[in-house]
Number of protein chains: 2
Amino acid sequence: MLDDRKLEVLRAIVEDFVSTHEPVGSKALAERHRLGVSPATVRNDMAALEEEGYITHPHTSAGRVPTDKGYRLFVDRLSTVKPLSAAERRAIQSFLEGAADLDDVVRRTVRLLAQLTRQVAVVQYPSLSRSAVRHLEIVHLAPSRLLLVLITDTGRVEQRVLELPAELSDDDVAELRTAFGSRLHGVRLVDAPAAVSDLPASAPPGIRPVLTSVMSVVLETLVEQPEERIALAGTANLTRHALDFPHTLRPVLEALEEQVVLLKLLGEVHDPTTVHVKIGEENSVEGLRSTSVVTVGYGPEASAYGGLGVVGPTRMDYAGNMAQVRAVARYVGELLAGA
Amino acid sequence: MLDDRKLEVLRAIVEDFVSTHEPVGSKALAERHRLGVSPATVRNDMAALEEEGYITHPHTSAGRVPTDKGYRLFVDRLSTVKPLSAAERRAIQSFLEGAADLDDVVRRTVRLLAQLTRQVAVVQYPSLSRSAVRHLEIVHLAPSRLLLVLITDTGRVEQRVLELPAELSDDDVAELRTAFGSRLHGVRLVDAPAAVSDLPASAPPGIRPVLTSVMSVVLETLVEQPEERIALAGTANLTRHALDFPHTLRPVLEALEEQVVLLKLLGEVHDPTTVHVKIGEENSVEGLRSTSVVTVGYGPEASAYGGLGVVGPTRMDYAGNMAQVRAVARYVGELLAGA
DNA sequence: CTTGGCACTCTGCCCCGACGAGTGCCACTG
DNA sequence: CAGTGGCACTCGTCGGGGCAGAGTGCCAAG
């Protein structure tokens, strides 16, 4: 159905449209891309591509424009990985190397990504549940109130104040601290419940009931309500593509303000090796139906710390942005693993 | 120079222009506002107002438009406080009452403000330096590494990992904890240096040197590098006024992404009783020259915890927005003081 | 000082025609 | 049979001319 030349034509259309942002006609295309055939032939191929739904034209006598389906095919089969320029590599390195703490790393990363891709950048903080415990501190604020301070291997520090169902003595808390500390050190939060499950049994009978309840509160707090944080940058880049969002800039901005939406975008990303692309209507989020989203996980191969990516017009440089997103993810992954 | 009627005309122009967003002509104005004079008279007054620089007209035969100077006069002398509607009061209360922790309060506040004013809302977290210490925890992570956890009276929890110039024993740290704890409890961070200045003298001689150095690191960390945080919401509202920012939406978005800029906007606000308004060119921030900024402090009268406000087109409902900003600030101030 | 009248100046809008880009189709060719 | 050149046709864009309406500025009269 689609022979090689037709695919070549589709690629040419996508590339030209992405760079010029104008519907591309048969003549210009035949000239610019040295396809070795006449415009008439290109027209026939275009007709076929349109028949299949890969391109459309806005009106009878305008050039062709890729559809979401066309972009999809392009991304899946036609785009070649675009190696980063030396300048880009340098930018990544110099941007990230001076980072102090985790906050700083994330802030720099999100700015870097926005600057590099000229799109809106989104970076998820290393997910709590997938991180391991480096230190867990329990502070006795008041008889029935504890402060938990958790430091993860990715450098994230999270604190939570807990109201307990019963009062504790300082000794009880000290007991808790060592018990939890020894069992949880180095353990990933998802595995935390298993790691402390033997606790009630091995504890002195006297404090068993209160310990059980404290334990459930602690686990609930840290494991079941892990607070996901997200950083955003480069929304100003949306105006760069104002033409791509005729009257749909508002819903995009609105969607980007919703934590939930951003989490949804990055939430499904677990694999740091493959870059995911959602194109236009493929997006499940209503307000982002006019955009494309490029995401990837970062962190060790087996289990990513979190996800990051960019949001931009469907008319984006997929090859370039995918490469940039992946490169940044790699650097950040290494940076955090080394920390 | 400017008699009462001329001022009345200016007010009418501002109000009409704000609501219709179209240059307002003498005839329509005389009719809609029952000034008791004919359009011709209004024209004369307009000419005088234009002479003085309070209004202009885009071209010869268009209506008049207020200048920044005109808005300024309007804000300073002509706008009457617009009482909040019952619905607005209810919105504020129900929006804020279920807030859990400080993060939650700030997040809700900024959303509320954006929704209420239909502008971009900015809320500064309670400034560390102006808050008082409710609890200071010192955790001994490693021989020469401490974790400081500070809880303020406004509910803000801040942690910092410190590298020390010398190693400490657990006992030393315990010593530190009680020494700092007893001296700093209830003390505002700005006053912290004074509160602990006697510490070296009263400590056992053995640990004096190390204590002095720890003290300086602690104070430096908490007092001199107070991390200011800011929440932003409602950027999508900018598109609502797209007509007000012909080609200047980008610089506005860019400015709003800069923490520094936002801090500058709110930084000078110390007084919770007066609402500040910066109009158009009055703004020191380049990118915000096409906007107006309404800010106010929140917190106890004497010293505000922080600032909050909105950013919108110069053509904004000043009376309404000022009232809304002030009302929200009051509620938040009370909420945090009561917490 | 206010007012009604009047001439004048613009802008916005609509219609029109010319232009050009691009298509679809068809007949022709190697 | 795929590829090609030619040709009629469609449609959007651009510029000009004309028209209506809004609004002003000025002036002379009350």
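The values are calculated or read from the model by the stated rules, or taken from the named source; none is laboratory data. These figures come from a predicted structure and were not determined experimentally. So basically every Cβ, Gly included, is an ideal-geometry build from the backbone, and we count neighbours across all protein chains shown.
Among the residues of region B:14-49, which ones are more than 8 Å from DNA strand C (Cβ to nearest atom) and either in contact with a strand residue (DSSP E or B) (Cβ under 7 Å, 6 or more places away or on another chain) or not in a helix (DSSP H, G or I) (or both)?
Once the filter is applied, which keeps residues that are more than 8 Å from DNA strand C (Cβ to nearest atom) and either in contact with a strand residue (DSSP E or B) (Cβ under 7 Å, 6 or more places away or on another chain) or not in a helix (DSSP H, G or I) (or both), region B:14-49 yields B:Val14, B:Asp16, B:Phe17, B:His21, B:Glu22, B:Pro23, B:Val24, B:Gly25, B:Arg34, B:Leu35, B:Met46, B:Leu49.
Among (1) within 14 Å of chain B (Cβ to nearest Cβ); (2) touching a Ser or Thr at 6+ places or on another chain (Cβ under 9 Å), which single condition is A:Arg64 missing?
(1)
Pull out all pairs, ordered by first then second residue, where Cβ-Cβ is under 9 Å, the residues are six or more apart or on different chains, the first lies in region B:31-57 and is under 10 Å from B:Lys6 (Cα atoms) and touching a residue at least 24 places away in the same chain (Cβ under 8 Å), and the second is within 10 Å of DNA strand D (Cβ to nearest atom) and of a type in the set (D, E, K, R).
B:Val42/B:Lys27; B:Met46/B:Arg64; B:Leu49/B:Arg64
Taking region A:170-212, which residues are touching a residue at least 24 places away in the same chain (Cβ under 8 Å), at negative phi and small (Gly, Ala, Ser)?
A:Ala179, A:Gly181, A:Ala192, A:Ala203
Would you check which residues across region B:58-84 are closer than 15 Å to B:Val18 by Cα and within 16 Å of DNA strand C (Cβ to nearest atom) and list them?
Passing the criteria: B:Gly63, B:Arg64, B:Val65.
Any residue in region A:94-109 that is at pLDDT 90 or above and assigned to a loop (DSSP other than H, G, I, E, B)?
No - not one qualifying residue is present in region A:94-109.
Restricting the search to region B:63-92, which residues are of a type in the set (Gly, Ala, Ser) and part of a loop (DSSP other than H, G, I, E, B)? Explain how you work it out, then say what you get.
Filtering region B:63-92 for residues of a type in the set (Gly, Ala, Ser) gives B:63, B:70, B:79, B:85-87, B:91.
Across region B:63-92, the qualifying residues are B:Gly63, B:Ser79, B:Ser85.
Looking at the structure I just gave you, is B:Thr80 more than 26 Å from B:Ser303 (Cα to Cα), within 16 Å of DNA strand D (Cβ to nearest atom) and either more than 14 Å from chain A (Cβ to nearest Cβ) or without any contact (Cβ under 8 Å) to a residue 12 or more places away in the chain (or both)?
Numbers: more than 26 Å from B:Ser303 (Cα to Cα): yes; within 16 Å of DNA strand D (Cβ to nearest atom): no; either more than 14 Å from chain A (Cβ to nearest Cβ) or without any contact (Cβ under 8 Å) to a residue 12 or more places away in the chain (or both): yes.
For B:Thr80, the condition - more than 26 Å from B:Ser303 (Cα to Cα), within 16 Å of DNA strand D (Cβ to nearest atom) and either more than 14 Å from chain A (Cβ to nearest Cβ) or without any contact (Cβ under 8 Å) to a residue 12 or more places away in the chain (or both) - is not met.
Every residue in region B:110-132 that is of a type in the set (A, V, I, L, M, F, W, C), in a helix (DSSP H, G or I) and within 14 Å of chain A (Cβ to nearest Cβ), please.
Quick first cut of region B:110-132, residues of a type in the set (A, V, I, L, M, F, W, C) only: B:110, B:112-114, B:116, B:120-123, B:128, B:132.
Remaining after also requiring in a helix (DSSP H, G or I): B:110, B:112-114, B:116.
Selection gives B:Val110, B:Leu112, B:Leu113, B:Ala114.
Out of curiosity, is B:Gly98 within 16 Å of DNA strand D (Cβ to nearest atom) and of a type outside the set (Val, Ile, Thr)?
On the way: within 16 Å of DNA strand D (Cβ to nearest atom): no; of a type outside the set (Val, Ile, Thr): yes.
Considered against the rule, which asks whether it is within 16 Å of DNA strand D (Cβ to nearest atom) and of a type outside the set (Val, Ile, Thr), B:Gly98 comes out as no.
Could you run through region B:133-156 and say how many residues are at the interface with chain A (Cβ under 10 Å from one of its Cβ atoms) and in a loop (DSSP other than H, G, I, E, B)?
Number satisfying all stated conditions: 1.
Report those helices (runs of 4 or more DSSP H) wholly inside region A:157-276 carrying at least 3 residues which are within 26 Å of the chain's Cα centre (by Cα). Break it down into steps so the answer makes sense when it comes.
Details: elements: A:170-184, A:192-196, A:199-202, A:208-219, A:237-240, A:249-257, A:259-267.
Here the list reads A:237-240, A:249-257, A:259-267.
Could you list, in sequence order, all residues of region B:131-151 that are of a type in the set (D, E, K, R), farther than 25 Å from B:Gly307 by Cβ and surrounded by fewer than 19 Cβ atoms within 10 Å (Cβ to Cβ)?
Residues of region B:131-151 that are of a type in the set (D, E, K, R), as a first pass: B:134, B:137, B:145.
Of the ones still in play, those that are also farther than 25 Å from B:Gly307 by Cβ are B:137, B:145.
Of everything in region B:131-151, just one residue is of a type in the set (D, E, K, R), farther than 25 Å from B:Gly307 by Cβ and surrounded by fewer than 19 Cβ atoms within 10 Å (Cβ to Cβ), namely B:Arg145.
Inside region B:1-47, can you point out the residues that are over 35 Å from the mean Cα position of the chain (by Cα), closer than 25 Å to B:Asp244 by Cα and exposed (fewer than 15 other Cβ atoms within 10 Å of the Cβ)?
Passing the criteria: B:Lys27, B:Arg32, B:Ala47.
Just to verify a result, which residue in region A:1-40, among those that are within 15 Å of DNA strand D (Cβ to nearest atom) and acidic (Asp, Glu), is farthest from the other protein chains (Cβ to nearest Cβ)?
So the residue we want is A:Asp3.
Results for (1) surrounded by 22 or more Cβ atoms within 10 Å (Cβ to Cβ); (2) within 14 Å of chain B (Cβ to nearest Cβ); (3) in contact with a Cys (Cβ under 7 Å, 6 or more places away or on another chain); (4) farther than 30 Å from A:Glu167 by Cβ, shown as yes or no for each residue.
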{"site": "A:Ser216", "(1), (2), (3), (4)": "no, no, no, no"}
{"site": "A:Ala242", "(1), (2), (3), (4)": "no, yes, no, yes"}
{"site": "A:His247", "(1), (2), (3), (4)": "no, yes, no, yes"}
{"site": "A:Val252", "(1), (2), (3), (4)": "yes, yes, no, yes"}
{"site": "A:Glu258", "(1), (2), (3), (4)": "no, yes, no, yes"}
{"site": "A:Gly267", "(1), (2), (3), (4)": "no, no, no, yes"}
{"site": "A:Gly280", "(1), (2), (3), (4)": "no, no, no, yes"}
{"site": "A:Gly287", "(1), (2), (3), (4)": "no, yes, no, yes"}
{"site": "A:Pro313", "(1), (2), (3), (4)": "no, no, no, yes"}
